[in-house]
Structures are given as C-alpha cells and as structure tokens.
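The structure appears below as structure tokens.
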Amino acid sequence: MFHRPFGFIYEKLRNAVEFNDEHLIRRLAISRILRRRLQINPEGKGEGENVIRELLWGKYLPQQFFTQQDVLNIQTIITKYVVLKREIYRIHVKTNRVMIHSLIVEMMSCEIEEMINWENTQRRSAYLYFFFQTLKDKILIKNTSDEMRDKLFYIASERAYLKNDDAFIKYHLFILIFDRLINVDENKLPIIAEQFGMYTQTLAEILKNRHIDLLVKFAKKQLPPFKILATILDKNLGHAEGIITNEGELRKSVEETCDEKYNETGTRLRNAAIRSITYIFLTKMIFVMILEFPLTRLIYGTIEVIPLIVNTLFPPLLMGIIVFFINPPSNDNTRKIYVRIIDILNKDISFETEKVEIKQRFQMKKPSLLFTFSVLYLITFTVVFGSIFLFLDLLDYTILSKAVFLFFLCVVAFFGYRIRQTAKEYVVESKNNVIINLFAFLFLPILYVGKFLSSQISRINIFIIIFDSLIEAPFKFFIEVIEEWTRFIKARKDELI
C-alpha cells in the first residue's frame, strides 16, 4: 500500500536520532509502540494486531510473516503483563508506579521480540550458556559466594556475548525466577506480583555490583574463539561433529570463517561510522549550530566563516580518519583463535580451570609511582586542551566556537573509540606498542570528556522528545486512518463484483 513507505521512512529517521546496536532496534521500536498504545488503551485489548501492523509499516518484519496464532500469542503476552502490573499496584500500594510501568513495558517488549525471533533466540541462548559454563569456574572473586559469582558472570556474559541492554538483562533475570509469562497460568500472576519486590531487590543488587564492569571486560577478551566456533556450528548444523573432531577440517573452517568475519567487520565499521555521524549530526550538530550562529552574531556582531566551516566539516572528517586507519586482524590472530578453540574442546583442561582473579582496583607493582603518574596525567590533560585552545586562537575562534569545536572533537573521538573496539571483536590479544600507548595516553583526556558528554547530554535528546511526544502519535494515527480507508474502499469495490 502507498502509505507504508511513509511508516518505513519515519522509523528510519526516528532510529537515526538514537544511537543503538542494530540487534536492539526492533525491540526498542516494540517498546515505543507499546508505551504509546498503552497510554491510549491501558487495558491493552486488541493491541496485539496493532503492534504487528506497526512493525510491518516500519519493515521490521517481512510481509506475510505472521499467522493468526502469532497475533494471539502477542495479545496473550500484552494481556498478562497488564494484569501483572495491575496486581503489583494492588499488592504493593506504595510502589513507584512510573518505574513499574516502565519496567513492565520493557519486559513485555523483550518477550514479544524473542517470540518473534524464537529460533534465533534459542540458538543464541544455547551459545551464551556454553560460553558461561565453560568459563565460570575460571573466575575468582574474593569474599563472594559461588552462587553470586555465577549470577554476576552470567549477566556480564550476556552483555559481552549477546551485547544485550539492561532491558533484556532485567527480563532474563525475571524469567529465570518466574518463567516467560506466556507460559504462566493467569491465576499465578498474583503470586508473582507478591514476589515482585524480591525480584527488584535482586535486580538492583546484581546490576549495581561493583564487579560487573570488570567481568564484562574479562568476558570480552574471551569472545573471539567462541564466536568463531558458534559460526562454524551454525554453518554446518548437519555435520558439525565431523568438523570439530577432524583437525584438518577444523583448521580449514576456522581460517575460512575468520576471513569471512574480518571482511564483515570492515563493512560493519563503515556502517557504524555512518550511523554515528548521522546520530551526532541530527542530535547534536543541528542543535548546537542553531545556537552558535545566532549567539555569535548577537555577542560578537559578526560571523567568522572559517570556524563555522571547520566546525561543520570536522566531525565527519575525523570519523573518516579514525575508521580509515583500522586494520583487519592478522593471520597470526587466526592461528591463536584456532589454538584456543582446541583448548575449549577440552584438549587443554586448564583452559577452563585456571583461576583469574577479578580485582576491583588496578594494583601497581610500585605504589609509590601512583602519585607521580596521576600528576603526569593531570599535566597531560592541561597541556592537551591548552594546546587545542592556542591552536584555535590562531584561527580567530571565539570562545563559543571553541566550545563547539571541543564538544565535537571529544564526542566524535569517543564514538570513534567505541567503533574501534568493535574491530577488536575477533582479536584474541593486542600487542603492547610503546608508540601506540603514548598516543593513547595523550588522547585519554579527550576520550574521557567525550564519554562524559555522550552519557550526560544524550539524556536530553531534544529530537527524541520531538519525535516521541509531538510527531509519532499523530503520524501513526494518520497512517492507521489511511489504511482503514483503503480497506473500506476495497470492501466497497468487492461488493460490486
């Protein structure tokens, strides 16, 4: 139908103003749809079909993807979560209703997303469980029970291996305790509601644990051989055993799969760079440029052309330079992945049992040097930003133009750093290089400021507010009316036959 491309274009624009991993975009779209429709229809009756319709408009699903049973399943999920929310409100009178509603919508969207993508969900969960079971006994956290260690490492594994956000992690912890709601009898929902406080307490205890970030870093370093092995198994489902038990076949498969993944990573890096620039442009650049031009004219009475041009062209140019200098992993990296896969397949049992202590703080071999290095870092911070300010003075930058330049320098550098980390997804170990370490040391102040700006300013994304509050509801209503009108006309035409 002619109106559907407009729904697709809208979703593309909406997703461009919020930078997220590609595998999370549909789940986030489901969450937005549910949040908006439940405001109009709090009981959620008949919303299963509406959710599917809007997902089809945005081309999140292929046409003719759903059966009537799928519609009923989604409606069942919505209905049960709405009932659960009502029971939580009834039993826990003093609970924060805004927080509960937001949590319920997140979990609802996760269950719908996994139902839509059930086969892939099962396979990814199996690989995650294998990763977790293989490595959990390697971890040592002092003064922490094995049970808590396992919970923490499972959450860290999900973040590292599946790259899931907090919404998925909250949902998976929920189903570990209570099961998926589609499988739960509605009569048991009041029991779940009674125990919901225990769930949220456990959730806070785990997500706020000080070891989580360290465990995520540890898990990421272990990923490459597991990712390559999972890909080999996916590609050879019918005869995987013959490959993993034959050294020659396994080596050949590892080499072919690594080459394939290295090429895919290059494509993903380019796409990520484009998405990053689009996100920065739409959510930050336009907003700042709208302020910079009138404020500069108002305060200084004139506009300097060079700073304006540099501030406009600099972000995409810097991102292009960062991505251009990313090199694919070497053949030596492929060899290391093969050796570790052999270890995983129990040729070397110590791979799973050799303990790695997770320490909260970095401990220097010579603590007396800590003060010296801290002072040196503070001096470096001052020198780096001072040098940038002096250079901008030579270009006749005003203080406002300097602020804009530094803003984009830090934010783009941080996004570029994140993209470079993506390139290391299949890198087993990075060699220490004195020159690279020196360059990284000089760049750290910029990256830290970029991280702060990205995390703080992204919370006030004016374009998301505009899209979600002012555009989406009337726009989707308009599309819905057009679709109903088209159906009406078609029905009238059919009566003439």
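Computed from the coordinates by the stated procedures, all read-outs in this text should not be read as laboratory data. Here the structure is a predicted model, which is why all the values come from computation and not from measurement. Cβ: placed from backbone, ideal geometry, glycine included. Neighbour counts: every protein chain shown.
Peptides 229-235, 384-390, 26-32 ranked from most to least packed, by the mean per-residue count of other Cβ atoms within 10 Å: 26-32, 229-235, 384-390. Net length available on complete extension from Glu260 to Glu429 is 58.9 nm, with 0.36 nm assigned per residue and the Cα-Cα distance removed. The modelled label-to-label distance for the pair Tyr377/Ile182, using points 7 Å beyond Cα in the direction of Cβ, is 4.7 nm.
For the pair Arg86 and Leu237, label points projected 7 Å from Cα toward Cβ lie 4.0 nm apart.
For the peptides 72-84, 200-212, 104-116, residues were scored by their other Cβ atoms within 10 Å and the scores averaged per peptide; the highest-first order is 104-116, 72-84, 200-212.
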